[in-house]
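Here is the structure we will look at.
The values are calculated or read from the model by the stated rules, or taken from the named source; none is laboratory data. Keep in mind it's a predicted model, so treat the numbers as computed, not measured. Counting neighbours? That spans all protein chains shown, and the Cβs are built from the backbone with ideal geometry, glycine included. Remember, those area values only see protein heavy atoms, side chains included, never the ligands or the DNA or RNA. Shrake-Rupley method; radii C 1.70, N 1.55, O 1.52, S 1.80 Å.
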Amino acid sequence: VYIADLDGIEGRGRNKQLVPQLARALPGVDFWIDAGTGSRGAARSLLATPSATLVIGSETLESVSVLSDITVESPGRTVLSLDFRGDEFMGPDALLSDTAHWPHHVIVMTLGRIGSGEGPDLARIRDIAKRAKGRRVYAAGGMRHRMDLDAVRAAGACGALIASALHEQKITAGDLKEIAGR
């Protein structure tokens with residue numbers, strides 16, 4: 001389950017109790033938490049909950065070394081979100097150009113398409129997936145319906161972050177079960 005702590009991302013404080021509460025209520029579920037974490041100390045705090053996986057947005061990173069410092073401590077519990085606004089990459093240029101910095105899980109986040117109904121940025125997903133060298137790539141931003149999920153899979157993504165299309169019931173539980181059964 002991916003959770004975006006928008007207050008944390010926007011620097012207005014984090015909801016530190018949410019993940020432990022969810023972990024108690026839903027044992028065995030892994031929670032990917034995007035809370036604007038850009039330091040080792042904040043990462044340690046979030047990763048104190050065993051079911052939490054840290055999502056680090058490139059837009060919050062000042063340098064590639066910060067990502068390396070965080071990833072070294074919890075490589076299996078760190079996800080990198082490569083964040084884009086339009087054609088602009090939000091983060092250190094070296095992070096986008098050198099895939100050696102990427103952990104095993106990478107999200108391609110097209111911020112302007114979230115909730116927009118525009119559809120996913122398939123060209124960007126395809127490009128990142130080709131360069132990912134065995135890493136698991138996830139698409140985020142613009143999922144409208146089942147065909148978009150099929151398209152991002154064909155572009156090389158192994159999964160997608162979905163919100164609006166679920167809320168609007170344009171993607172159903174049946175769609176997800178069918179896709180997961182492949």
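A search for C-beta distances below 6 Å between a residue of the range 147-168 that is in a helix (DSSP H, G or I) and any residue that is open to solvent by 40 Å² or more (accessible area, probe 1.4 Å), counting only pairs 6+ apart in sequence or on different chains, returns 151/122; 164/115; 165/144.
Going through 41, 13 one at a time, which residue ends up being open to solvent by less than 50 Å² (accessible area, probe 1.4 Å), of a type outside the set (A, V, I, L, M), out of contact with any strand residue (DSSP E or B) (no Cβ under 8 Å at 6 or more places or on another chain) and assigned to a loop (DSSP other than H, G, I, E, B)? Exactly one of 41, 13 is open to solvent by less than 50 Å² (accessible area, probe 1.4 Å), of a type outside the set (A, V, I, L, M), out of contact with any strand residue (DSSP E or B) (no Cβ under 8 Å at 6 or more places or on another chain) and assigned to a loop (DSSP other than H, G, I, E, B), namely 13. Of the residues examined, residue 29 is one that is over 15 Å from the mean Cα position of the chain (by Cα), β-branched (Val, Ile, Thr) and surrounded by fewer than 18 Cβ atoms within 10 Å (Cβ to Cβ).
Within the group 146, 136, 131, 153, which residue is in contact with a Cys (Cβ under 9 Å, 6 or more places away or on another chain) and surrounded by fewer than 19 Cβ atoms within 10 Å (Cβ to Cβ)?
On the way: 146 fails: in contact with a Cys (Cβ under 9 Å, 6 or more places away or on another chain); 131 fails: in contact with a Cys (Cβ under 9 Å, 6 or more places away or on another chain); 153 fails: in contact with a Cys (Cβ under 9 Å, 6 or more places away or on another chain).
Answer to the selection: 136.
Among the conditions (1) within 21 Å of residue 37 (Cα to Cα); (2) buried (at least 18 other Cβ atoms within 10 Å of the Cβ); (3) of a type in the set (Lys, Arg), the only one that residue 85 does not satisfy is (2). For the range 122-145, the criterion of being assigned to a helix (DSSP H, G or I) and modelled with pLDDT under 95 is satisfied by no residue at all.
Taking the conditions exactly as written (touching a helix residue (DSSP H, G or I) at 6+ places or on another chain (Cβ under 8 Å), surrounded by 13 or more Cβ atoms within 10 Å (Cβ to Cβ) and within 14 Å of residue 2 (Cβ to Cβ)), does residue 160 satisfy them or not? Yes: the conditions hold for residue 160. Against the numbered list (1) open to solvent by less than 20 Å² (accessible area, probe 1.4 Å); (2) modelled with pLDDT of 95 or more, residue 57 comes up short only at (2). Taken together, the residues in the range 93-117 that are outside any helix (DSSP H, G or I) and either of a type outside the set (Val, Ile, Thr) or open to solvent by less than 60 Å² (accessible area, probe 1.4 Å) (or both) amount to 13. Of note, residue 120 satisfies the criterion of being closer than 14 Å to residue 154 by Cα and open to solvent by less than 20 Å² (accessible area, probe 1.4 Å).
Search the range 1-10 for residues being of a type in the set (Asp, Glu) and surrounded by fewer than 19 Cβ atoms within 10 Å (Cβ to Cβ), and hand back the single one that is farthest from residue 59 (Cα to Cα).
In the first step, residues of the range 1-10 are kept if they are of a type in the set (Asp, Glu); the result is 5, 7, 10.
Narrowing further to those that are surrounded by fewer than 19 Cβ atoms within 10 Å (Cβ to Cβ): 7, 10.
Working: 7: 15, 10: 11 Å.
The selected residue is 7.
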